[in-house]
Amino acid sequence: MDEKQKQKYLEAQPMWKIVASQFAEHRMAVVGLIVILFFLSISAFAPIISAITGLDPDEQNVFNRYQPAFSTVATSSINRELAVERMLANGKDYTALIDAAIAQNVLEYPTTREDVLYDMATAVAPEVLLDELASFPQVEGLNDFIAVVGGFQKFHLLGTDELGRDVLIRLVYGTRVSITVGLMVAFAAAFIGLIIGSLAGYYGGYLDATLMRLTDALISLPILVVLIVVSAIDLGNIIGGTPLSFIVGSDYESIFKMVFILCLFSWMQVARLVRGSILSIKEQEFIMAAKTLGARDSMIILTHVVPNVIAPLLVAVTLGIGNSILFEAALSFLGLGIQPPTPSWGNMLFNAQEMVQHAPMLAILPGLLILATVISFNFVGDGLQDAIDPKSIRR
């Protein structure tokens, strides 16, 4: 050990620096954290990515299904008509443009004056139409129409799915849904497990016996089977007429339902972990001293007990996120989780199973993302356990 390293270990460091340096020594945990931050960034900027690329996760193009990667295809005629309609509805005067289109005689068949722009957009290939528009006189609205026609061709980096939707943008939005579900469920389960485990471990007696028997009963259930049964329940029958009834019928109903179901059956391991830690902590001298000084039970739990179970709790949270993503993917794969058209990695796997032999990448890509996310959270959990554990910290 050279002088710089000796000086480093001789200097007093705050706890967060010690934990950060310990965590940084776990290389796979650092890699996992980078992957997680990348996915979080993707999910946060999903609308911006959609706006930049001009791709909509719900835009269908059934005449261009199962296109290979790096494909450039024309959008559907319906979407072309909608684009022209939005252009005409912006309040500008396009009379000169319509007259020029009629004079240029681009169409091979006669049409009405009102429909000439629509028919040009749908009947003529986008690349041919752009060449024709280049010879138009510079009339008002020509540049607007050229910009609209330029959007009739979409580049699909990862190809299209069974409905002609862009795979890349659906994976981006699927990242947002799957990771959001995993985070919400893991933190909710940690909160519920922390409360139940703290009460059971600190007070003991009948309260401990009752809470732990309830926990044991729920742990003994076949979790996937129970999740399948519960997910088939109509949410409207449960919260209809309550302040939460606005969820029913919304675009995010299946997401709220999935989070609710997973929260009900994800806290038991956390509760037992917290209870076991508190059983050993509450017999320590500093707890006895706090009781002797007249500290209330609530104050002892919040200021002395809970901080000492943060380390195992953080590990449980990181592992719980991965498990929640796996359960969401499993239920969505069975058609009982996140419902289309909302994309998630699980229902993308479900939609890809019928054509897995002809378009295997539709199943491989979301599967790889699930694998990378779950492994990354597990590595981060291992790194946090080593970094926060007082026995492994080098002071």
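Any idea which of PHE145, PHE136 is outside the structural domain of SER344 (by TED's automatic domain parsing), buried (at least 22 other Cβ atoms within 10 Å of the Cβ) and of a type outside the set (D, E, K, R)?
None of the others qualify; the one that does is PHE145.
Mind listing whichever residues of region 172-219 are within 20 Å of VAL317 (Cβ to Cβ) and small (Gly, Ala, Ser)?
Passing the criteria: SER178, GLY182, ALA186, ALA188, ALA189, ALA190, GLY193, GLY197, SER198, ALA200, GLY201.
Got at least one residue in region 164-183 being part of a loop (DSSP other than H, G, I, E, B), basic (Lys, Arg) and closer than 30 Å to VAL73 by Cα?
Taking every residue of region 164-183 in turn, at least one turns out to be part of a loop (DSSP other than H, G, I, E, B), basic (Lys, Arg) and closer than 30 Å to VAL73 by Cα.
Any residue in region 7-28 that is out of contact with any Lys or Arg (no Cβ under 9 Å at 6 or more places or on another chain), buried (at least 18 other Cβ atoms within 10 Å of the Cβ) and modelled with pLDDT of 85 or more?
No, region 7-28 contains no residue that is out of contact with any Lys or Arg (no Cβ under 9 Å at 6 or more places or on another chain), buried (at least 18 other Cβ atoms within 10 Å of the Cβ) and modelled with pLDDT of 85 or more.
So ILE287 fits all but one of (1) crowded, with 18+ Cβ neighbours inside 10 Å; (2) of a type outside the set (Phe, Trp, Tyr); (3) in contact (Cβ under 8 Å) with a residue 24 or more places away in the chain; what number is the exception?
(3)
Checking the structure you have, find out if any residue of region 315-322 is part of a helix (DSSP H, G or I), within 18 Å of the chain's Cα centre (by Cα) and surrounded by fewer than 19 Cβ atoms within 10 Å (Cβ to Cβ).
No, because not a single residue in region 315-322 is part of a helix (DSSP H, G or I), within 18 Å of the chain's Cα centre (by Cα) and surrounded by fewer than 19 Cβ atoms within 10 Å (Cβ to Cβ).
Looking at region 133-150, is at least one residue part of a loop (DSSP other than H, G, I, E, B) and among the β-branched types (Val, Ile, Thr)?
yes
For region 219-234, state whether one or more residues are crowded, with 19+ Cβ neighbours inside 10 Å, modelled with pLDDT under 80 and in the same structural domain as VAL181 (by TED's automatic domain parsing).
So far as region 219-234 goes, yes, one or more of its residues are crowded, with 19+ Cβ neighbours inside 10 Å, modelled with pLDDT under 80 and in the same structural domain as VAL181 (by TED's automatic domain parsing).
Given the criterion more than 20 Å from VAL35 (Cα to Cα) and surrounded by 16 or more Cβ atoms within 10 Å (Cβ to Cβ), identify the matching residue among GLY151, GLY174, GLY197, GLY182. Spell out how you get there, then give the answer.
Numbers: GLY151 fails: surrounded by 16 or more Cβ atoms within 10 Å (Cβ to Cβ); GLY174 fails: more than 20 Å from VAL35 (Cα to Cα); GLY182 fails: more than 20 Å from VAL35 (Cα to Cα).
Checking each option against the conditions leaves just GLY197.
Scan region 147-162 and report the pairs whose first residue is in contact (Cβ under 8 Å) with a residue 60 or more places away in the chain and whose second residue is of a type in the set (Asp, Glu) and loosely packed, with under 15 Cβ neighbours inside 10 Å, with Cβ atoms within less than 9 Å and a gap of 6+ or a chain change.
GLN153/GLU127; GLU162/GLU354
Is there a residue in region 269-289 that is under 30 Å from MET348 (Cα atoms) and either modelled with pLDDT under 80 or in contact with a helix residue (DSSP H, G or I) (Cβ under 8 Å, 6 or more places away or on another chain) (or both)?
Yes, the conditions are met somewhere in region 269-289.
Considering each of GLU127, GLU114 in turn, give the residue that is in a helix (DSSP H, G or I) and of a type in the set (D, E, K, R).
Only one candidate qualifies: GLU127.
Which of the residues belonging to region 151-172 are of a type in the set (D, E, K, R) and closer than 22 Å to GLU127 by Cα?
Step one: list which residues in region 151-172 are of a type in the set (D, E, K, R), which gives 154, 161-162, 165-166, 170.
The answer is LYS154, ARG165, ASP166.
Restricting the search to region 95-114, which residues are surrounded by 15 or more Cβ atoms within 10 Å (Cβ to Cβ) and within 16 Å of GLU85 (Cα to Cα)?
Within region 95-114, LEU97, ILE98 meet the criteria.
Quick one: would you say PHE187 is in a helix (DSSP H, G or I) and either under 30 Å from GLY276 (Cβ atoms) or assigned by TED's automatic domain parsing to the domain that holds PRO341 (or both)?
Considered against the rule, which asks whether it is in a helix (DSSP H, G or I) and either under 30 Å from GLY276 (Cβ atoms) or assigned by TED's automatic domain parsing to the domain that holds PRO341 (or both), PHE187 comes out as yes.
Out of the residues in region 149-167 meeting the condition of being acidic (Asp, Glu) and within 21 Å of the chain's Cα centre (by Cα), tell me which one is farthest from MET355 (Cα to Cα). Lay out the reasoning, then the answer.
Going residue by residue through region 149-167, those that are acidic (Asp, Glu) are 161-162, 166.
Within this subset, residues satisfying the condition of being within 21 Å of the chain's Cα centre (by Cα) are 161, 166.
On the way: ASP161: 10, ASP166: 16 Å.
Within region 149-167, the match that is farthest from MET355 (Cα to Cα) is ASP166.
For every residue, the table says whether it meets (1) among the acidic types (Asp, Glu); (2) modelled with pLDDT of 90 or more; (3) not assigned by TED's automatic domain parsing to the domain that holds MET361.
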{"position": "ILE48", "(1), (2), (3)": "no, yes, yes"}
{"position": "ALA51", "(1), (2), (3)": "no, no, yes"}
{"position": "ASP56", "(1), (2), (3)": "yes, no, yes"}
{"position": "GLU59", "(1), (2), (3)": "yes, no, yes"}
{"position": "VAL62", "(1), (2), (3)": "no, no, yes"}
{"position": "ARG65", "(1), (2), (3)": "no, no, yes"}
{"position": "LEU88", "(1), (2), (3)": "no, no, yes"}
{"position": "GLY91", "(1), (2), (3)": "no, no, yes"}
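Starting from residues that are out of contact with any Ser or Thr (no Cβ under 7 Å at 6 or more places or on another chain) and either assigned to a helix (DSSP H, G or I) or aliphatic (A, V, I, L, M) (or both), keep the ones in region 330-352 and report whichever is surrounded by the most Cβ atoms within 10 Å (Cβ to Cβ).
Among them, the one singled out is MET348.
The values are calculated or read from the model by the stated rules, or taken from the named source; none is laboratory data. The structure presented is a predicted model; accordingly, all values stated were derived computationally and were not measured. Ideal geometry is used to build each Cβ from the backbone, glycine not excepted, and the neighbour counts take in all protein chains shown.
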